[in-house]
Amino acid sequence: MAEIINGKELAKKIRLELKEEVDELKNNGIQPKLSVIMVGNDKASEIYVHNKSKVCNEIGIDFEEFLLPEETTKEELIGLIENLNQRKDINGILLQSPIPKHLDIREAFNSIDYRKDVDGFHPINVGKLAIGEESFVSCTPAGVMEMLKEYGIEIQGKRAVVIGRSNIVGKPLSQLLLNANATVTVCHSKTQNIEQITKEADILIAALGKPKFVTANMVKNGAVVIDVGINRNDEGKLIGDVDFENVEKIASYITPVPGGVGPMTIAMLMKNVIKAAKNSRA
Ligand code: NAP
């Protein structure tokens, strides 16, 4: 039976450590502040933004929210981002996705000052990650790496397989694993005979958004299985990309959904805001 990687507990521990760090920064006259921009009224985004503000409040990070109407123009959105880029009191700028279709999210991300890009989506941060330089790293992949570290899971020399190649999860995570000296294979929707590849993985990451896609026959005995997926079943219950009940029986470590990778993402965002605040005074 696999050991459960408890992301909820680990994220709680990290938040406590970050609170202490923020207290220390405040004693030195530094008040970290995150700004979040939301365009339109996406219900899920409202919940995500609310959760972020709650955690900021818990840790002592100031939070400023900008709720823009659905009909916001490109000029208005970029104008706001440029204004936030200039503001000295703001360390982190986060643009909540999705944004309305008439706006180009890539253009908006690119207009955020990379030094305030706490989501790690700016091409400069993506490029720095690729060449192994210090940068802001996308929060979910950073959270996965933190979990592996905390549970003492060796990465160097291991065979890691990542299912999913999105810019926010799959690609940065495979880059992080590569930087940590794993031998990395990335699978996607055009990959053939995927189970042959996943069966070779010492560390298997499911980040594709397909409920219970990873079944026990796709997993090697003793593999570490990390489930990034967040899906809802017919009863509205959250389920991951891994068939937890069966994979748990053969893996060495496994993350649950909920309570696995999810809580780590916001903790890593907070870490990035604190880093930006420190950098701003360096
Ligand atoms: P995404 O942008 O939709 O990307 C999905 C990736 O999976 C794509 O690269 C796609 O391949 C690949 N894929 C889809 N079907 C596949 C299949 N049958 N076989 C192999 N690969 C397949 O999703 P995302 O934003 O990366 O998110 C992935 C999952 O993680 C979602 O469930 C999302 O909700 C969750 N998530 C969780 C957190 C968290 O905090 N825990 C954060 C972000 C996302 P192609 O490139 O070929 O299309």
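The values are calculated or read from the model by the stated rules, or taken from the named source; none is laboratory data. Since this is a predicted model, take the numbers as computed values, not measurements. Positions of Cβ are generated from backbone atoms using ideal geometry, with glycine treated the same way; all protein chains shown enter the neighbour counts.
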Cβ-Cβ distance below 9 Å, separation of 6 or more or different chains: which pairs start in region 150-162 with a residue that is without any contact (Cβ under 8 Å) to a residue 12 or more places away in the chain and end on one that is assigned to a loop (DSSP other than H, G, I, E, B)? 154/202
Failed condition for residue 35, given (1) within 18 Å of the chain's Cα centre (by Cα); (2) part of a helix (DSSP H, G or I); (3) free of Cβ contacts under 8 Å to residues at least 60 places away in the same chain: (2)
Just to verify a result, which residue in region 228-277, among those that are in a loop (DSSP other than H, G, I, E, B) and among the aliphatic types (A, V, I, L, M), is farthest from the ligand (Cβ to nearest atom)? 250
Only one of these is under 30 Å from residue 115 (Cβ atoms), at pLDDT 95 or above and within 21 Å of the chain's Cα centre (by Cα): 257, 261. Name it. 261
Going residue by residue through region 163-175, is there one that turns out to be surrounded by fewer than 24 Cβ atoms within 10 Å (Cβ to Cβ), more than 11 Å from the ligand (Cβ to nearest atom) and over 17 Å from the mean Cα position of the chain (by Cα)? no
Mind listing whichever residues of region 232-250 are hydrophobic (A, V, I, L, M, F, W, C) and crowded, with 24+ Cβ neighbours inside 10 Å? 242, 247
Kindly indicate whether any position in region 46-63 is crowded, with 17+ Cβ neighbours inside 10 Å, more than 30 Å from residue 203 (Cβ to Cβ) and within 15 Å of the chain's Cα centre (by Cα). yes
